[in-house]
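Structure record follows, encoded as structure tokens.
The values are calculated or read from the model by the stated rules, or taken from the named source; none is laboratory data. Values in this document were obtained by computation on a predicted structure and should not be read as measured data. When we count neighbours, we look across all protein chains shown, and the Cβ atoms used for this are built from the backbone with ideal geometry, even at glycine. We work out accessible area using only protein heavy atoms, side chains counted, and drop any ligands, DNA or RNA first. Shrake-Rupley method; radii C 1.70, N 1.55, O 1.52, S 1.80 Å.
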Amino acid sequence: MTLLLTLDDGSIQRKLAEAVDLARAAVLEDAGAEQVGAHVGVDREDAVSASHLFEATVTGYRGWRWSVTVALAGEDEPITVSEVVLIPGPDARVAPAWVPWDRRVQAGDLGVGDIFPVEKDDPRLAPAYLESDDPAVEAVAKETGLGRVHVLSRHGRLDAAARWHGGEFGPRSDMARSAPDVCGSCGFFVPLAGSLSAAFGACTNDISPADGHVVDVEYGCGAHSEIEVEVTSSVPVAELVYDDSLMDFEPAPEAPAEAPEPEPAEATVVDESEAPVAEAPETAEVQPEVEPEAATVETTETADEAQVEAESASEH
């Protein structure tokens, strides 16, 4: 084998590349003519082997290829077939890469009664008797003399901080971007202990969507403790208002009625030969000046009295 790798001048690879008919015969024997398509290329495996690729027309395996590996043990040895397999091509739909079950478990998958053991050397945890790199944890451990078996390591705290910062209650969420203020200045924010207290805390506002959750100090919602909203009526109100129920109404004064014009007195023809001459009164009564209308009425009444006296004299 070493001699072939050292002294090969390319003749072995040429012989392997030319063995198309041998490779096709091998795949036809294994799969049948109806499942084998055209030859699409040759892939070099090593110095003494290569794989011929044929299109696969197998139902349900669109984009897959038949791979026939041929080898040559020496220059004077015949070419042999090592294996015939069906492999996915560059356009084939394949299953995702296999992931161990303990790495496929996501947040929320753990149900009631489920048990999820922690790895023995989980980088997120550190033995409690070692330096935890958290001053708050060290202070508690020294004060009590006891502690937990494991505590969060620096890697564990950074991993949790990155997850919380980029999660639903982080500063980049839709709720935080539309909030009027951040949780760090809210009265309902309770900081965590230890080195995480500078960046995270718990929300205690039952109206907030983050109630009971760990929130970033830069997260925020509409239930901030310091928000003041001016409450005004949705109905526009004018500055000057009249109350009709308190207004007094009085009727307008009527215009004075005009006095009717007096009817003209009928003229009476009197025979001067028969009518006695009326004696004038001894004293004349001075009448006060009156307005034209009053004078007209008085003249009419004087004419009527003169007529009555004339009729009385004619009877005698």
Evaluate the following for Lys120: is it farther than 30 Å from Arg24 by Cα and either in contact with a Leu (Cβ under 8 Å, 6 or more places away or on another chain) or at pLDDT 75 or above (or both)?
-> yes
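Return the residues of the range 81-117 that are under 30 Å from Val20 (Cβ atoms) and acidic (Asp, Glu); say none if nothing qualifies.
Listed by number, the residues that qualify are Glu83, Asp91.
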Every residue from the range 123-155 that is within 15 Å of Ala199 (Cβ to Cβ) and modelled with pLDDT of 80 or more = Leu152, Arg154
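Results for (1) touching a residue at least 60 places away in the same chain (Cβ under 8 Å); (2) buried (at least 19 other Cβ atoms within 10 Å of the Cβ); (3) among the aromatic types (Phe, Trp, Tyr); (4) under 28 Å from Ser11 (Cα atoms), shown as yes or no for each residue.
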position	(1), (2), (3), (4)
Ala25	no, no, no, yes
Ala33	no, no, no, no
Ala38	no, no, no, yes
His52	no, yes, no, yes
Ala56	no, yes, no, no
Tyr61	no, no, yes, no
Leu72	yes, yes, no, yes
Ile79	yes, no, no, yes
Restricting to the range 193-213, what's the tally of residues that are of a type outside the set (Gly, Ala, Ser) and either at pLDDT 95 or above or open to solvent by less than 50 Å² (accessible area, probe 1.4 Å) (or both)?
-> 4
Say we look at the range 10-23 and pick out the residues that are without any contact (Cβ under 8 Å) to a residue 12 or more places away in the chain and in a loop (DSSP other than H, G, I, E, B); which of these is farthest from the chain's Cα centre (by Cα)?
-> Gly10
What are the residues in the range 28-49 that are more than 17 Å from Pro88 (Cα to Cα) and aliphatic (A, V, I, L, M), if any?
-> Leu28, Ala33, Ala47, Val48
Restricting attention to the range 175-190, does a residue exist that is over 23 Å from the mean Cα position of the chain (by Cα), touching a residue at least 40 places away in the same chain (Cβ under 8 Å) and outside any loop (DSSP other than H, G, I, E, B)?
-> yes
Filter result for Leu246 (among the aliphatic types (A, V, I, L, M), open to solvent by 70 Å² or more (accessible area, probe 1.4 Å) and modelled with pLDDT of 65 or more) = yes
For the range 158-175, name all the residues that are open to solvent by less than 70 Å² (accessible area, probe 1.4 Å) and in contact with an Asp or Glu (Cβ under 7 Å, 6 or more places away or on another chain).
-> His165, Phe169, Gly170, Pro171
Would you confirm whether any residue within the range 81-91 is open to solvent by 60 Å² or more (accessible area, probe 1.4 Å) and assigned to a loop (DSSP other than H, G, I, E, B)?
-> yes
